[in-house]
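The structure appears right after this line, and notes come after that.
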Amino acid sequence: MRSARAGRDPETEFRGLVGGVAGHLELGDRAAAQQALQSCQDLASEHATIYAVAVTHGIEATFALLDGRLSDARGAIDASGEHSRGRGIAAQVVGQRFLLALQDGRLDDLMPVLERTRSQYPTLSLANAVTGLAYALSSGVDPARVALAAVIEGLPALRYDWNRLPALVLAAETAFRARVPDAAAALEPELAPYVELGAVNSSASGYFGSVAQALGWLAAARGRKSEAIAFFQRALRAHEAVGGAAWCERSARAIEEVRRVASPVRLVS
């Protein structure tokens, strides 16, 4: 970034700052991530390129969603979408609308948009994972299983980029809610090495929760109740560290949900 600044290359400098936001969020350092966001805001104000403005609004939405400030999040997502038309980041806006719908309970309204995005990107694991979890939480188990199967089938080719952990984390909860323990078994070794991290999308356009939370869903999907609760408690601490009030609430609900299961759930493949 220093070289880009010295060479008067604001776009390269901006991309470096965005990577800083994403990296700090992944590590759970809220203060450092907010400092990087402030730098993004300053640079986007000084060099108001369409890309920089759209991405900065997207990052602002990420923080609003972390805090549970739904009105602010909705406004930032709308602003990002307005600037991103035809700019290659429209799919990220859809992902943020999904994260918003997780909090405001309007997943059914979003399903046509998710299906349209999935049809545009049929091999994109993140699109399949988002759609799968949305189905599992709202409309039905069978379509969730179809989308989850696409994620599992794509594991050998899944790239190690910023979209990998969000896709795997969403698929983990789907494996629990759609009652597919075989998928949970396939996902567990993919996620276990990253238990200390949070899942953050490209351009810091979405925080998808602690990987520990995903491992909790995988343990629950395979009938390991005590292990699942321990992972959720670990995720709760991670969400507290990143200042994610909305995600803290999701961790607390997950703990209570699994505790209410009197005995290991009988699952089917």
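Details
- Members of region 191-216 found to be crowded, with 24+ Cβ neighbours inside 10 Å, among the hydrophobic types (A, V, I, L, M, F, W, C) and within 14 Å of A171 (Cβ to Cβ), listed by number: A199, F208, V211, A214, L215
- Residue count for region 189-212, restricted to those that are more than 17 Å from G23 (Cα to Cα) and touching a His at 6+ places or on another chain (Cβ under 8 Å): 0
- Looking only at region 147-185, and only at residues there that are surrounded by fewer than 17 Cβ atoms within 10 Å (Cβ to Cβ) and acidic (D, E), the one that is nearest to V261 (Cα to Cα): D182
- Unmet criterion (only one of (1) at pLDDT below 95; (2) over 14 Å from the mean Cα position of the chain (by Cα); (3) small (G, A, S)) for S125: (2)
- Scope region 103-121; condition free of Cβ contacts under 8 Å to residues at least 12 places away in the same chain and closer than 13 Å to A134 by Cβ; matching residues: G105, R106, D109, P112, R116
- Inside region 122-143, residues that are open to solvent by less than 70 Å² (accessible area, probe 1.4 Å) and either among the acidic types (D, E) or in contact (Cβ under 8 Å) with a residue 60 or more places away in the chain (or both) make up a count of 1.
- Any pair with Cβ under 6 angstrom, 6 or more apart, that starts in region 241-263 at a residue that is over 25 Å from E26 (Cβ atoms) and ends at one that is open to solvent by 30 Å² or more (accessible area, probe 1.4 Å): V258/K225
- Filtered residues of region 144-165 (kept if part of a helix (DSSP H, G or I), without any contact (Cβ under 8 Å) to a residue 40 or more places away in the chain and of a type in the set (A, V, I, L, M)): A144, V146, A147, L148, A149, A150, V151, I152, L155, A157
- Residue in region 94-109 that is assigned to a helix (DSSP H, G or I), of a type in the set (G, A, S) and open to solvent by 20 Å² or more (accessible area, probe 1.4 Å) present: no
- Number of residues in region 191-205 that are closer than 19 Å to T131 by Cβ and at pLDDT 95 or above equals 1.
The values are calculated or read from the model by the stated rules, or taken from the named source; none is laboratory data. For clarity, every value in this text was computed on a predicted model and none was experimentally measured. Using ideal geometry, Cβ is built from the backbone for each residue, glycine included, and neighbour counts are taken over all protein chains shown. We work out accessible area using only protein heavy atoms, side chains counted, and drop any ligands, DNA or RNA first. Shrake-Rupley method; radii C 1.70, N 1.55, O 1.52, S 1.80 Å.
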